[in-house]
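The structure appears below as structure tokens.
The values are calculated or read from the model by the stated rules, or taken from the named source; none is laboratory data. Please read these numbers as outputs of a predicted model, since none were measured by experiment. Backbone-built Cβ (ideal geometry, glycine too); neighbour counts: all protein chains shown. Please note that ligands, DNA and RNA were not included when accessible areas were found on the heavy atoms of the full protein model with its side chains. Shrake-Rupley method; radii C 1.70, N 1.55, O 1.52, S 1.80 Å.
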Amino acid sequence: MKFKISLYCLLTVCFISAQVSHKVKALAKPLENISYAESLHIGIGGERSVLYEEFRKLSEAARADELYYFSKNGSNALRLYSGAELLKRNDARFITVYQYYLHHPLIMKYQDGCIGRKDNIAGHLKRELYSAKEIIAVRDSLLKEKRSDFITSQLKSISDAGYGKLSQKNAAFYIKEIEKTESGKPSL
């Protein structure tokens, strides 16, 4: 029986892994052994994170199914970045990833600007969700303003961070689902 279960698990992982395109696998290569993650801008000077930029290249090429695969099977960096990208794409599997790490904690370091912290991936994803809510509010406010170079620059920055499609309504839904999960009520 153990052999059948092990064989099933191995075949499942191989099948899912086979669903990741060669291009996306190649783009994931630089991140596959990274045990920490960084925000878009790091350090006191706010320089762009090379690590985050590597993931952005991957996310531009990856389908949501591939991101979901990496959110459970990749390096720590791929797990966190992929889970957060599912949120930005308004993919309900974000909740599944959050729940998984809430119940199966995986502690990792995350560098946000010049501040580093170690936390469970679920904690990082929850902060990403609450940050997303604020970023979306700023984006929506800027979209109502008369265009200037500054506003255009800010909107581009928000878009570069991946928040082009997520709405306040989407964010509120995910917050509600996370609160249900944390209170022990059934979610989704």
Fill in the blank from the handout: Summing -39500 (n - 2.57) over every DSSP H run of at least 4 residues in the chain and dividing by its residue count gives a helix-only mean residue ellipticity at 222 nm, to the nearest 500 deg cm²/dmol, of -21000 deg cm²/dmol
Exercise for the section: Starting from the Cα gyration tensor of the stretch 18-65, take the square roots of the eigenvalues, sort them a ≥ b ≥ c, and report rounded, prolate or oblate (rounded when a/c is under 1.5, otherwise prolate if a/b is larger than b/c, else oblate). Expected result: prolate
Exercise for the section: Could I have the simple spin-label model distance between Cys114 and Ser157, label points 7 Å from Cα toward Cβ, reported in nm to one decimal? Expected result: 1.6 nm
Exercise for the section: Whenever you get a sec, compute what percent of the accessible area on the chain sits on carbon and sulfur atoms (1.4 Å probe). Expected result: 58 percent
Fill in the blank from the handout: Quick note, the stretch 107-188: a/c under 1.5 would make it rounded; otherwise a/b > b/c is prolate and the rest oblate (a ≥ b ≥ c, C-alpha gyration tensor); here it is oblate
Handout entry: nm² value of the averaged projected area, convex hull over the Cα atoms of the stretch 48-118
Key = 4.8 nm²
Problem - For the chain: accessible area per residue (Å², 1.4 Å) - result: 57 Å²
Problem - Distance (nanometres) between label positions extended 7 Å along Cα→Cβ at Val138 and Ser21 - result: 3.1 nm
Fill in the blank from the handout: Computed for the chain: size of charge dipole around the Cα centre, +1 on C-beta of each Lys and Arg, -1 on C-beta of each Asp and Glu, debye to nearest 20, value 440 debye
Practice task
Check the straight Cα-Cα distances from Lys185 and name the aspartates and glutamates below 15 Å, setting aside those fewer than 8 residues away within the same chain.
Solution key: Glu177
Handout entry: Ser183-Asp65 pseudo-label distance in nm [points 7 Å out on the Cα-to-Cβ vector]
Key = 3.6 nm
Completion exercise
So for R0 = 30 Å, FRET eff. of Asn33-Arg147 from the Cβ-Cβ r, to 0.05, ends up at 0.10
